[in-house]
Amino acid sequence: MTATLDVRRVVGADLQARLDDVARLRVAVFRDWPYLYAGDMDYERGYLAAYAASVDSVFVLAFDGDRVVGASTGIPLADDDAAFQAPFRAHGIDVDDVFYFGESVLLPAYRGRGVGHAFFDAREAHARALGRFRMTAFCAVDREQDDPRRPAGHRDNDAFWSRRGYVRQPQLRMQLAWEELDRGESMHTLTFWTHALEHSA
């Protein structure tokens, strides 16, 4: 493990070449709490098809040498699946104003080294450079505090996201099904967090 990770923004043809890297990381990291996702590469390729098709999508990748050990994604909400757009449309928010952050996944051995902030910085910079977005947003799965599967000592990311200026929006929720470990396909509620995107004068 190198002392310094190389974090890079990847777009266009370079993004296309990294789809399987992101898919593998999603399967590995989302297997853990709170997603408990029993993923497979075929499903992942379908999920990532929207990012492959969008000319303005971005991957931000963390490299340890030549190995991709972390990834975060972003896409104009208007280019994503209708299910992700629906809560915004229902509350009168123009999806053309929103740049959506899909996920941040990082292998456990590389956490605590500032990569999470680097992922947000790079995606926000990408959205700002596109020049047409008023906000950034992401969603996170809702889990009960007393869920017996919650690992002892687990800390949610809420405080980190709040420090970044993101605000949880309880009125912006969606339902999404995925294969959950030991439970099969299950429906889950996810709540969106948003942040006004500031532009340079």
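The values are calculated or read from the model by the stated rules, or taken from the named source; none is laboratory data. None of the values given here were measured: they were computed from a predicted structure. When we count neighbours, we look across all protein chains shown, and the Cβ atoms used for this are built from the backbone with ideal geometry, even at glycine. Accessible surface is based on the protein model in full, side chains and every heavy atom, while ligands, DNA and RNA are left aside. Shrake-Rupley method; radii C 1.70, N 1.55, O 1.52, S 1.80 Å.
Regarding region 63-82, can at least one residue be identified that is open to solvent by 60 Å² or more (accessible area, probe 1.4 Å), acidic (Asp, Glu) and over 16 Å from Ala137 (Cα atoms)?
yes
When you look at Arg128, is it at pLDDT 95 or above, open to solvent by 20 Å² or more (accessible area, probe 1.4 Å), out of contact with any Ser or Thr (no Cβ under 9 Å at 6 or more places or on another chain) and in a helix (DSSP H, G or I), yes or no?
no
Determine whether Arg45 is in contact (Cβ under 8 Å) with a residue 60 or more places away in the chain and open to solvent by 10 Å² or more (accessible area, probe 1.4 Å).
no
Taking interchain pairs and intrachain pairs at least six residues apart, which have beta carbon atoms under 7 angstrom, with the first residue in region 27-38 and assigned to a helix (DSSP H, G or I) and the second surrounded by 19 or more Cβ atoms within 10 Å (Cβ to Cβ) and at pLDDT below 95?
Val27/Gly39; Val27/Glu44
Looking at Val95, Val60, which one is β-branched (Val, Ile, Thr), open to solvent by less than 70 Å² (accessible area, probe 1.4 Å) and over 16 Å from the mean Cα position of the chain (by Cα)?
After applying the criteria, what remains is Val95.
Looking only at region 32-42, count how many residues are open to solvent by 30 Å² or more (accessible area, probe 1.4 Å), of a type outside the set (A, V, I, L, M) and in contact with a strand residue (DSSP E or B) (Cβ under 7 Å, 6 or more places away or on another chain).
Of the residues in that region, 2 qualify.
Check whether at least one residue in region 148-167 is open to solvent by 30 Å² or more (accessible area, probe 1.4 Å), at pLDDT 95 or above and in a strand (DSSP E or B), and report yes or no.
Yes, region 148-167 contains at least one residue that is open to solvent by 30 Å² or more (accessible area, probe 1.4 Å), at pLDDT 95 or above and in a strand (DSSP E or B).
If a residue has to be acidic (Asp, Glu) and either in contact with a Lys or Arg (Cβ under 8 Å, 6 or more places away or on another chain) or under 23 Å from Ala129 (Cβ atoms) (or both) to count, how many in region 67-85 make the cut?
2
If you check Asp20 against the conditions, is it over 24 Å from Arg164 (Cα atoms), in a helix (DSSP H, G or I) and of a type in the set (D, E, K, R)?
yes
For region 19-29, what are the residues that are surrounded by 19 or more Cβ atoms within 10 Å (Cβ to Cβ) and among the charged types (D, E, K, R)?
Arg26
Pairs needed: first member in region 66-84, assigned to a strand (DSSP E or B); second member anywhere, of a type in the set (S, T, N, Q) and open to solvent by 10 Å² or more (accessible area, probe 1.4 Å); C-beta distance under 7 Å; at least 6 residues apart or different chains.
Ser72/Ser104; Ile75/Ser54; Pro76/Ser54
Between a first residue in region 138-162 that is farther than 14 Å from Ser104 by Cα and a second residue that is among the polar types (S, T, N, Q), which pairs have beta carbons less than 7 Å apart while being 6 or more apart in sequence or on different chains?
Listed pairs, sorted by first residue: Asp142/Thr189; Asp142/Thr191.
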